[in-house]
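*Asks:* For reference, the structure I am asking about is given below.
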Amino acid sequence: MAGAIWVVAEPRGDAVRRVSLEALGRAAALGGETVAVLLGADAAATAPAVAPHATRVLAVEHPTLADASSTAQARVLAELARTRAPRAILAGATAWGRDLLARLAARLGAGYVPDAVELSAGADGQLEAVRPVLGGRAYARLAFRGDGPWLVALRPNAYPAPAPGAAGTVERLAAPEDLAALPPRVVERKAAAGGPVDLAEADAIVAAGRGVRGPEGFAIAEQLAAALGGAVGASRAAVDAGWRDHAAQVGKSGRTVAPRLYVALGISGAVHHRMGMDTARTVVVINQDANAPFFKHADYGLVGDLFQLAPALAEEIRKLREK
Amino acid sequence: MKIVVLVKQVPDPEARVSVGGDGGPGALQVEDRWCTSYFDEVALEAALALRQRHGGEVVAVTAGSGKAVDALRRALAFGADRVLQLDDPALAAADGLGVAAALAAFVRREQPDLVLAGRQALDDEAGLVGPAVAERLGWPHAADAVALEVEPAAKRARVERTVDGGREVLELPLPALVTAQKGLAVPRVPQVTGVMKAMRAKIDKLDLAALGLPAADVEPRTAVLGYRPPPARKPVRMVAGDFPENVRTLAALLRDEAKVL
Ligand SMILES: Cc1cc2nc3c(=O)[nH]c(=O)nc-3n(C[C@H](O)[C@H](O)[C@H](O)COP(=O)(O)OP(=O)(O)OC[C@H]3O[C@@H](n4cnc5c(N)ncnc54)[C@H](O)[C@@H]3O)c2cc1C
Ligand SMILES: Nc1ncnc2c1ncn2[C@@H]1O[C@H](COP(=O)(O)O)[C@@H](O)[C@H]1O
């Protein structure tokens with residue numbers, strides 16, 4: 001079973017995203033060498049965040065690499081992969097990871113499974129991946145053809161973050177000089193309207209729909225999300241009404257999320273919405289209409305007025321968590 | 001300005017889906033109901049808005065056979081100037097990378113200023129084909145665009161895109177590829193006369209040989225071993241009782257039974 005498994009770690013502040021650690025944990029469980037790849041100006045500075053989960057850390061450094069386009073990042077990774085021949089290259093199935101791996105797959109001509117929820121060892125050192133298709137209405141099991149490297153974007157929360165082990169060795173490499181010139185260039189970064197939305201990795205998501213009646217209604221969702229330590233999502237109806245940023249939309253034409261807990265406030269449960277959250281572990285639906293379709297797809301249902309129920313639930317959860 | 005839009009016909013999101021007995025590669029059963037992938041309609045609408053503003057031509061292309069052609073009829077009904085179907089037996093087995101190879105070969109022939117695609121197709125949700133076409137062409141791309149301005153004379157585009165946690169504004173030189181996120185444009189509802197005309201239009205086809213693409217370039221790099229139904233959720237537990245007792249019960253269930261607190 002030749003070749004290491006690489007995980008391209010996604011920077012987040014001074015550390016990396018949790019999904020990068022989840023991927024490292026999964027890679028280690030599959031056996032063989034686990035390599036965390038860091039890209040950045042001072043990539044080695046982030047090494048302590050990943051070294052306890054990897055046999056080796058490759059810190060690829062260039063002044064523009066962290067902010068560089070996926071074009072530049074894919075070029076650097078492809079070069080490295082050609083010389084070092086990893087068995088597989090993983091990243092988190094976030095906007096960042098998927099943008100990068102799509103480009104890398106084309107550059108290497110390598111098999112790629114985006115948004116895998118399972119990754120396991122198949123026959124002969126092969127890897128097999130499982131991913132939802134058709135909005136999660138079926139799961140496909142896939143194998144790779146050819147010698148690899150095989151590329152996999154792993155969905156956040158698919159595997160637990162691993163416990164730290166012995167720190168792997170750190171190797172620093174300089175990326176080629178000409179990267180900075182590769183477009184596109186980021187000229188501005190903006191926070192999402194209505195506060196940062198970071199649903200990708202949220203443990204708990206409180207999503208609100210037309211039933212919250214306006215942007216003010218989202219304050220109730222915020223309150224409950226705060227009590228749960230989670231993030232706020234929205235139905236398309238709420239987004240189209242202008243109550244929340246597009247980035248918060250969950251569903252077919254929004255984003256796919258897979259938190260441990262998903263609480264829907266005033267959302268009817270149209271199939272288009274459910275397609276974005278059906279793989280959430282526990283689903284709670286609060287709706288005043290006992291016949292709302294969403295109840296059929298929930299674990300726990302509460303019938304009543306969300307304006308009364310949600311704040312009380314937030315209070316109750318706060319109490320339980322303080323104990 | 002010339003714009004190529006990549007469009008794909010996909011099973012309707014409301015089509016019934018089931019997995020047959022043996023769970024093998026042929027086990028996926030999808031009801032015969034189709035639509036053009038939502039984000040591709042957004043891309044098409046954005047292309048038409050750019051044509052309105054800057055003049056030029058909008059060319060829609062799809063890779064596939066059978067129902068695939070309906071995406072092109074849809075594009076004609078929207079108002080595309082020209083449509084092309086890439087149709088070849090070798091494409092039937094292709095995965096996203098193979099499809100991207102064929103589409104890139106087509107784009108190379110057309111030499112547009114801009115290619116627009118959907119951020120992901122509603123069926124496989126890979127988000128692969130757009131960036132992969134750009135990589136094969138050696139072009140820059142911007143994914144998940146919610147706003148797009150083009151300066152054709154300066155050969156420059158400015159894209160606002162969604163990223164985890166917010167938005168980013170990118171500048172890229174043309175030619176470039178941009179994938180459409182919801183919000184970039186609102187797809188029109190085409191007029192009946194346009195739809196009727198599109199139904200009758202003759203659609204030109206190109207095969208791989210015409211594109212100068214060896215069949216090996218579209219060989220799949222992944223193989224489907226089988227399908228299974230999604231994990232079943234237990235029947236819902238409706239929390240009974242009056243307020244505020246019901247809320248307390250729910251919170252306790254979340255802590256003790258679901259163990260999510
Ligand atoms: C191609 C396509 C793509 C789509 N993509 C998406 C998508 O990505 N995401 C998405 O969400 N939708 C999507 N939709 C739209 C989807 O079909 C639904 O229209 C939408 O999800 C409805 O949003 P909603 O549940 O918030 O509103 P509604 O369906 O209007 O439901 C509101 C609910 O709130 C309840 N309610 C009202 N007041 C209260 C109260 N005081 N207390 C408790 N409950 C209350 C009502 O009983 C009702 O069930 C898409 C549609 C199409 C055609
Ligand atoms: N067979 C195809 N023909 C034309 N365009 C396609 C095809 N497959 C994918 N695309 C384009 O690529 C986008 C992303 O598709 P995917 O990578 O499959 O999620 C789609 O929204 C389309 O714009």
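*Asks:* Once A and B are treated as a pair rather than alone, how much accessible area drops out, both sides summed, in Å² to 100, probe 1.4 Å?
*Replies:* Values: alone 15310 and 14900 Å², together 22930 Å².
Looking at A and B, the buried total is near 7300 Å².
*Asks:* Related question: Let me make sure I get this right: for the stretch A:199-322, a, b and c are the square roots of the gyration tensor eigenvalues over alpha carbons, sorted descending. Under 1.5 in a/c it's rounded, otherwise prolate if a/b > b/c, else oblate. Which is it?
*Replies:* Details: a/c = 1.24, a/b = 1.20, b/c = 1.03.
Verdict is rounded for the stretch A:199-322.
*Asks:* Could you bin all the Cα-Cα distances of the stretch B:2-218 into 5 Å bins starting at 0 and give me the percent of pairs in each, rounded to whole numbers?
*Replies:* Pair shares across the bins are 1, 7, 15, 20, 21, 16, 11, 6, 2, 1, 0, 0.
*Asks:* Can you give me the accessible area per residue for chain A, using a 1.4 Å probe, in Å²? Mind dumping the intermediate values first?
*Replies:* Details: 11750 Å² over 323 residues.
Per residue, chain A has an accessible area of 36 Å².
*Asks:* Could I ask something else about it? Keeping every protein chain present and rolling a 1.4 Å probe, give me the accessible area per residue for chain B in Å². Walk me through the intermediate numbers first.
*Replies:* On the way: 11170 Å² over 261 residues.
It amounts to 43 Å² per residue over chain B.
*Asks:* Any residues in the stretch B:17-47 that have 30 Å² or more less accessible area with all protein chains than in their chain alone, probe 1.4 Å, and which are they?
*Replies:* Residues passing the criterion (a loss of at least 30 Å², heavy atoms only) are B:Val17, B:Tyr38.
*Asks:* Separation between the A:Ala45 and B:Asp22 pseudo-spin-labels, each 7 Å from Cα along Cα→Cβ, expressed in nm?
*Replies:* 5.8 nm
*Asks:* Follow-up question, since we're still on this one. Against the longest alpha carbon principal axis of chain A, how many degrees, from 0 to 90 and to the nearest 10, is the axis of helix A:306-322 turned?
*Replies:* That helix lies at roughly 60 degrees to the long axis.
*Asks:* Show that you can apply the helix-only estimate: for the protein assembly as shown, add -39,500 (n - 2.57) for every DSSP H stretch of four or more residues, divide by all residues, and state [θ] at 222 nm to the nearest 500. Walk me through the numbers before you get to the answer.
*Replies:* Working: 15 runs with 158 residues, N = 584.
Counting only the DSSP helices, I get -8000 deg cm²/dmol.
*Asks:* Shape call for the stretch B:147-198 from the C-alpha gyration tensor, a ≥ b ≥ c root eigenvalues: rounded (a/c under 1.5), prolate (a/b greater than b/c) or oblate?
*Replies:* oblate
*Asks:* With N residues in chain A, what two-decimal value do you get for its Cα radius of gyration over 2.2 N^0.38 Å? Write out the running numbers ahead of the final one.
*Replies:* Numbers: Rg = 21.0 Å, N = 323, 2.2 N^0.38 = 19.8 Å.
The value comes to 1.06.
*Asks:* Given a cut-off of under 8 Å on Cα pairs at least six residues apart, what relative contact order in percent is computed for chain A?
*Replies:* Normalised by residue count, the contact order of chain A is 15 percent.
*Asks:* Can you tell me the orientation of helix B:245-256 relative to chain B, as the angle in degrees between its alpha-carbon axis and the longest Cα principal axis, to the nearest 10?
*Replies:* 70 degrees
*Asks:* How big is the charge dipole of the protein assembly as shown about its Cα centre, in debye rounded to the nearest 20, if each Lys and Arg gets +1 on its Cβ and each Asp and Glu gets -1 on its Cβ? The partial results should precede the final answer.
*Replies:* Details: 68 positive and 67 negative charges, 117 e Å.
Taking the Cα centre of the protein assembly as shown as origin, the dipole is about 560 debye.
*Asks:* From the square roots a ≥ b ≥ c of the eigenvalues of the alpha-carbon gyration tensor of the stretch B:102-163, which class results: rounded (a/c under 1.5), prolate (a/b over b/c), or oblate?
*Replies:* Numbers: a/c = 2.25, a/b = 1.11, b/c = 2.03.
It is oblate, given that a/c is not under 1.5 and a/b is not larger than b/c.
*Asks:* On to the next question. Please work out how much length the chain gains when fully extended from A:Glu315 to A:Glu177, using 0.36 nm per residue of separation minus the C-alpha to C-alpha distance, in nm with one decimal.
*Replies:* Details: separation 138, 0.36 × 138 = 49.68 nm, distance 5.50 nm.
Result: 44.2 nm gained on full extension.
*Asks:* Also, quick follow-up: Computed FRET efficiency, Cβ-Cβ of B:Ala216 and B:Ser65, R0 22 Å: what is it to the nearest 0.05?
*Replies:* Details: r = 20 Å, r/R0 = 0.90.
So, using R0 = 22 Å, E works out to roughly 0.65.
*Asks:* Using a 1.4 angstrom probe on heavy atoms only, work out the carbon and sulfur share of the accessible area of the stretch A:22-152 in %.
*Replies:* Working: 1780 of 3690 Å².
Using a 1.4 Å probe with all protein chains present, the stretch A:22-152 comes out at 48 percent carbon and sulfur.
*Asks:* Moving on. Taking DSSP loops as anything outside H, G, I, E and B, show the longest stretch in chain B free of trypsin sites (Lys or Arg not before Pro) there with at most 15 other beta carbons within 10 Å. Please report the intermediate quantities before stating the final value.
*Replies:* Numbers: sites that count: B:Arg16, B:Arg33, B:Lys155, B:Arg188, B:Lys202, B:Arg233, B:Lys259.
Looking at chain B, B:34-154 is the longest stretch - no exposed trypsin sites (Lys or Arg not before Pro) with at most 15 other Cβ atoms within 10 Å.
*Asks:* Specify the angular offset, from 0 to 90 degrees and rounded to the nearest 10, of the alpha carbon long axis of helix B:69-78 from the longest principal axis of the alpha carbons in chain B.
*Replies:* In chain B, helix B:69-78 runs at an angle near 80 degrees to the longest axis.
*Asks:* A further question follows. The stretch A:93-108: which residues show an accessible-area loss of 40 Å² or more, assembly versus chain alone, 1.4 Å probe?
*Replies:* A:Ala95, A:Arg98, A:Asp99, A:Ala102, A:Arg103, A:Ala106
*Asks:* Now for a separate question. Once the Cα gyration tensor of the stretch A:160-234 is diagonalised, what are the square roots of 5 times its eigenvalues, in whole Å and ordered largest first, as equivalent ellipsoid semi-axes? Don't skip to the end; give the middle numbers.
*Replies:* Details: eigenvalues 283, 109, 13 Å².
In descending order the semi-axes read 38, 23, 8 Å.
*Asks:* Now, a different point. Which entries of B:Lys8/B:Lys182; A:Lys252/B:Lys2; B:Lys8/B:Lys202; A:Lys252/B:Lys8 have Cα-Cα distances beyond 22 Å here? Don't skip to the answer; put the middle values down first.
*Replies:* Values: B:Lys8/B:Lys182 16 Å; A:Lys252/B:Lys2 30 Å; B:Lys8/B:Lys202 18 Å; A:Lys252/B:Lys8 16 Å.
Those over the limit are A:Lys252/B:Lys2.
*Asks:* Here's something else I'd like to know. For the protein assembly as shown, just list the percent of Cα-Cα distances falling in each 10 Å bin from zero outward, please.
*Replies:* 3, 17, 27, 27, 18, 6, 1, 0
*Asks:* Starting from the stretch A:108-206, pick out the trypsin sites (Lys or Arg not before Pro) whose DSSP state is loop and whose Cβ has at most 16 other Cβ atoms within 10 Å.
*Replies:* Details: sites: A:Arg137, A:Arg141, A:Arg145, A:Arg172, A:Arg185, A:Arg189, A:Lys190; in loops: A:Arg137, A:Arg145.
Answer by residue number: A:Arg145.
*Asks:* Follow-up. Filter the GluC sites (Glu not before Pro) in the stretch B:1-50 down to the DSSP loop ones having no more than 16 other Cβ atoms within 10 Å, then list what survives.
*Replies:* On the way: sites: B:Glu14, B:Glu31, B:Glu41, B:Glu45; in loops: B:Glu14, B:Glu31.
Loop-located and lightly packed - B:Glu14, B:Glu31.
The values are calculated or read from the model by the stated rules, or taken from the named source; none is laboratory data. Given the structure is predicted, the values throughout are model-derived calculations rather than measurements. In this analysis, Cβ positions are derived from the backbone assuming ideal geometry, glycine residues included, and neighbour counts consider all displayed protein chains. To get the accessible areas, we keep the full protein, side chains included, count just its heavy atoms, and leave off ligands, DNA and RNA. Shrake-Rupley method; radii C 1.70, N 1.55, O 1.52, S 1.80 Å.
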